[in-house]
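One structure below.
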Amino acid sequence: MSESEQRFGEFVVVRRHEQGHVAELVLDRPKAMNAVSTEMARSIGEACDALAADRDVRVAVVASSSERAFCVGADLKERNSFSDAELVRQRPTARRAYTGVLELPMPTVAAVHGFALGGGFELALSCDVIVADATAVVGLPEVSVGVIPGGGGTQLLPRRVGAARAAELVFTARRVEAAEARELGLVDVLGEDARAEALALAARIAVNSPVGLRNAKKAMRLGQGLDLRAGLEVEDAAWRATAFSGDRAEGVAAFNEKRKPQWPGE
C-alpha cells in the first residue's frame, strides 16, 4: 500500500495510506514518551485541521512511534516552568489539540500501545474506538498531581463507562492494565498488535460510504445525551443529508448491479 507523509512541527506526522483512504496521525516524540508540550499540542491541532479538510480520508488512526507509550499526557517538566500567566496563555493551545481529535469529522480509531495516561488517555477517549494491546496501561491520574482531567476526560469517560465508574477512576487516579481496561470498557478491542489491528479496523470501515460515515458519526455525537425524541430528530437530519447524496445513488446502484461501489464522496 502506497503511503505519503506530512510532518507538522517536530513531533507529529500524518501518514496517508493512499489506496485505502486511511490516514494515521502519529505522535512522534518517543524520547519523552509523547508527553504533550506546547509545541506538540500546536502541531496536533494543525494536523487535525489538515485531516478534517481532506475529503479523501475516510478514517483516521491516532497512533504512536514510541515503543513504551501511546502518550503520557501533558509535559509536566514544561508545565513546572510556567508562571500562572503562562499557563493561562497555553490553555487554548492545549485545548485545541484535544478538541481537534474529538471534532474530526471522519471515524477515528486510537491504537494504544503502552502508557496512555492523563492527556494521553484523553486523546484516545476523543476517538470513536480504542484498540489496545497487552502492554496498554490507561488512566486519568491528574488529581494525584493537583489538577483535574482537562482534555475532555471528565466528560468523555462518564459517557463511556457511566458516572460512578468514571468517578472511581478519576478520584483514585489509578492506572488500569489492559485486561481490566477491556473488562471495564475503557478500551474496546484488545489484540496482539494495537497499530496493526487499528489499521485493519480502519480499512474495514473505509470501504463504506464517506458521506454515510461522516453523517453517522455526526448523528451519534450530536444525539448523545439528548432524549430519544430529540435524538431521532438529529438522526433524521443526518439521514436527509445522506439520502440525497451521490454516495446513496452509487450505493444503491452498486448493490443492484452486484459490484463494489465507487463512492463519489459527496
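Observations on the structure shown:
- Whole-number percent relative contact order across region 79-152, with pairs defined as alpha carbons under 8 Å at least 6 apart: 30 percent
- Longest stretch of the chain clear of exposed loop sites (trypsin sites (Lys or Arg not before Pro), DSSP loop, at most 15 other Cβ atoms within 10 Å, sites excluded): 69-173.
- Whether region 100-157 is rounded, prolate or oblate, judged on the alpha carbon gyration tensor where a/c under 1.5 counts as rounded: oblate
- Divide the volume of the convex hull around the Cα atoms of the chain by the residue count and you get 138 Å³ per residue.
- Using alpha-carbon coordinates, inclination of helix 194-206 to the longest axis of the chain, degrees: 30 degrees
- Of the solvent-accessible surface of region 195-266, computed with a 1.4 Å probe and all protein chains present, 60% belongs to carbon and sulfur.
- The chain, relative contact order [Cα under 8 Å, separation at least 6], %: 15 percent
- Helical runs (DSSP H, four residues minimum) scored at -39500 (n - 2.57) apiece and divided by the length of the chain put the mean residue ellipticity at 222 nm at -15000 deg cm²/dmol.
- Inter-centroid distance (Cα atoms) of region 88-123 relative to region 124-156, Å: 9 Å
- Whole-Hz couplings from phi, Karplus 6.51/-1.76/1.60, listed for region 251-266; x for Gly and Pro: x, 5, 5, 5, 4, 5, 8, 6, 9, 6, x, 10, 5, x, x, 8
- Separation of region 1-55 and region 173-251, taken as the distance between their Cα centroids, equals 21 angstrom.
- DSSP beta bridges fully contained in region 112-266 are about 20 percent antiparallel.
- Listed values for region 83-98 are Karplus-derived 3J(HN,Hα) couplings in whole Hz (6.51 cos²θ - 1.76 cosθ + 1.60, θ = phi - 60°), namely 7, 4, 5, 5, 5, 4, 5, 7, 4, x, 5, 5, 4, 4, 5, 6, and x replaces Gly and Pro.
- Note on E177 and S83: the model spin-label points, each 7 Å out from Cα along the C-beta direction, lie 4.6 nm apart.
- Rounded, prolate or oblate (a/c below 1.5 giving rounded, otherwise prolate when a/b exceeds b/c) for region 22-126 by Cα gyration tensor: oblate
- Cα gyration tensor shape for region 12-54, rounded if a/c is under 1.5, else prolate or oblate: oblate
- Of the solvent-accessible surface of region 13-107, computed with a 1.4 Å probe and all protein chains present, 48% belongs to carbon and sulfur.
The values are calculated or read from the model by the stated rules, or taken from the named source; none is laboratory data. Note that the coordinates shown come from a computational prediction; the quantities given were computed from them, not determined experimentally. As a convention, Cβ positions derive from the backbone with ideal geometry for all residues, glycine included, and neighbour counts pool all protein chains shown. Calculation scope for accessible area: heavy atoms of the full protein, side chains included, ligands and nucleic acids excluded. Shrake-Rupley method; radii C 1.70, N 1.55, O 1.52, S 1.80 Å.
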